[in-house]
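Report on the following structure.
Please treat every number below as a calculation from the coordinates, not as lab data. All values reported here derive from a predicted model rather than from experimental measurement. Cβ: placed from backbone, ideal geometry, glycine included. Neighbour counts: every protein chain shown.
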Amino acid sequence: MAKNILVLSLLVITCALVTAFEPSPLQDFCVADLSSSARVNGLACMDPKLAQADHFVFSGLHVAGNTSNPLGSRVTPVTVAQIPGLNTLGIALARIDYAPWGVVPPHVHPRATEILTVIEGSLEVGFVTSNPENRLISKVLQKGDVFVFPVGLIHFQRNVGHGNAFSISGLSSQNPGVITIANTVFGSNPAIADDLLAKAFQVDKSVVGQLQTKF
């Protein structure tokens, strides 16, 4: 009997951990009150009687982003910052535009799994598994193909076609966050010690200095 109770308790705890990643809302909606100073895990709710259609809409996703930058890509996010009505609903969206050979560099979404659909063009995409394997799983996608990046894993996209490309991504958080690896490591404020980075990446300190200057 005691053994059954222990197994049941472990099952309850496991289910709680799984469902607690981004909990289900306890009301119809919780439009974000961006003026509130309340400190909560997410954003405070405005009075639901004040909710309007404009709190649940975003316009302009059909417009291509400007890719004239060093990376040759542009992300147009649709998170709770753009749609207050997304607050507590656990989803977000993004349009990504790519110039020829444009890239979205290796990055991580700390709070979300991403599912990407190619709308136009050809994209090379991939993610790297965690230690110790660090295995690269990648594929070239064509128009209409769908690919999933598991939560918390480093991933990237690159346009491998001869023309512009764009994709749409769904993310399993209202605020998925993004950590661009190069920017974070070499562009932190204050900077990580260059001798530490030189040893970590097994390169000369001068190389680290050049990268820190760039980022």
Between rounded, prolate and oblate, where does the range 61-169 land on the alpha carbon gyration tensor, with a ≥ b ≥ c its root eigenvalues, rounded for a/c under 1.5, else prolate if a/b exceeds b/c? oblate
HN-Hα J in Hz across the range 199-215 - Karplus 6.51, -1.76, 1.60, θ = phi - 60°, x for Gly and Pro: 6, 5, 9, 6, 10, 5, 4, 5, 5, 4, x, 5, 5, 5, 5, 5, 9
For Ser73, which sequence-distant residues (separation of 5 or more, or a different chain) have an amide H within less than 5 Å of its own amide H, given hydrogens modelled in the peptide plane? Ala99, Val103
Taking a cut-off of 14 Å between Cα atoms, list the aspartates and glutamates near Lys143, but don't count ones fewer than 8 places away on the same chain. Asp97, Glu120, Glu124
Note, the range 114-128: 3J(HN,Hα) by Karplus (6.51, -1.76, 1.60, θ = phi - 60°), whole Hz, Gly/Pro = x, goes 10, 10, 10, 10, 7, 9, 9, x, 10, 10, 8, 10, x, 9, 10
Just grab the label-to-label distance for Ala191 and Asn164, each label 7 Å out from Cα along the Cβ direction, in nm (one decimal). 3.7
log10 of Debye I(q)/I(0), alpha-carbon scatterers only, for the range 42-83 at 0.29, 0.32, 0.33 Å⁻¹: -1.10, -1.19, -1.21
Surface/4 of the Cα convex hull for the range 165-215, nm²: 5.6
Residue-ordered couplings for the range 137-147, obtained by feeding phi - 60° into the Karplus form 6.51 cos²θ - 1.76 cosθ + 1.60 and rounding to whole Hz (Gly and Pro as x), are 10, 9, 7, 8, 9, 10, 3, x, 6, 10, 9
Report the gain in length on full extension from Ser138 to Phe56: 0.36 nm times residue separation, minus Cα-Cα distance, nm rounded to one decimal. 26.0 nm
Could you work out how far the C-alpha centroid of the range 176-215 sits from that of the range 67-138, in angstrom? 22
Note the per residue figure in Å³ for the convex hull of the C-alpha positions in the chain. 209
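With a cap of 13 neighbouring Cβ atoms within 10 Å, and only residues DSSP puts in a loop, list the trypsin sites (Lys or Arg not before Pro) found in the range 111-211.
Listed in order of number, the matching sites are Arg135.
Is the shape of the range 111-171 rounded, prolate or oblate, going by the alpha carbon gyration tensor and its root eigenvalues a ≥ b ≥ c, with a/c under 1.5 for rounded and a/b larger than b/c for prolate?
Values: a/c = 2.85, a/b = 1.63, b/c = 1.75.
Because a/c hits 1.5 or more and a/b fails to exceed b/c, the range 111-171 counts as oblate.
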Name the residues whose placed amide hydrogens come within less than 5 Å of the amide hydrogen of Gly42, ignoring near sequence neighbours (fewer than 5 apart) on the same chain. none
Give the lysines whose C-alpha is closer than 25 Å to that of Lys214, dropping any in the same chain fewer than 8 places away, or say none. Lys199, Lys205
Report the one residue of Gln27, Cys45, Ile91 whose Cα lies farthest in the direction of the positive end of the charge dipole of the chain (charges on C-beta: Lys and Arg +1, Asp and Glu -1; origin at the Cα centre). Ile91
